[in-house]
Amino acid sequence: MKRLLVAYDGSEASIKAIDLAVQCSTHDDELVLLTVIPAALVESTFTNMLLPTIDLTTVVTPGTFKEKAIENLTKITKGLEGKLSKVEIAVETGDPADEILLIAKKHDSDIIFIGYKGYGKEGRFLLGSVTDKVVRHASRTVMVVR
């Protein structure tokens, strides 16, 4: 039995990562689908600075991002029924790369499947790359899917 972790962000590459994880698995394997909500989306200091007089809790309902992520992951897991022995979902908030690494360790994953958006050298320098950080710091195998 293998434990597989797939980092899912809704991108085409992350959808391909799910497909590849299923192809590489057997019925006895377990899969964790993980979505990480960047902390900046949950509570933006910049937004608070721009709109100091507006109570953002009246505009955005707490948990909205998490509820939507759980809803999306639940739909995906229904399509995976019968293909693996167990499929779990996880939704975390924070730095995506850090959370992927923490959840992989917590679930004792054998392999991490992650999509790569292909920003190139310039994009990695300017934006940073979740995939690059995961590959550099993972203590387990990482499968990068394009």
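Every number here is computed from the coordinates shown, using simple stated rules; none is lab data. Note that this is a predicted model, so its numbers are computed, not measured.
Taking amide hydrogens as placed 1.01 Å from N in the peptide plane, the amide H of L31 sits under 5 Å from those of L4, K86, V87, E88, each at least 5 positions away in sequence or on another chain. Straight-line cross-link partners of K86 among the lysines, defined as a Cα under 24 Å from its Cα and at least 8 positions apart when in the same chain: K2, K16, K66, K68, K75, K78, K105, K106.
Here's the list of aspartates and glutamates a cross-link from K83 could span, going by alpha-carbon distance under 19 Å and ignoring same-chain residues fewer than 8 apart: D19, D28, D29, E30, D110.
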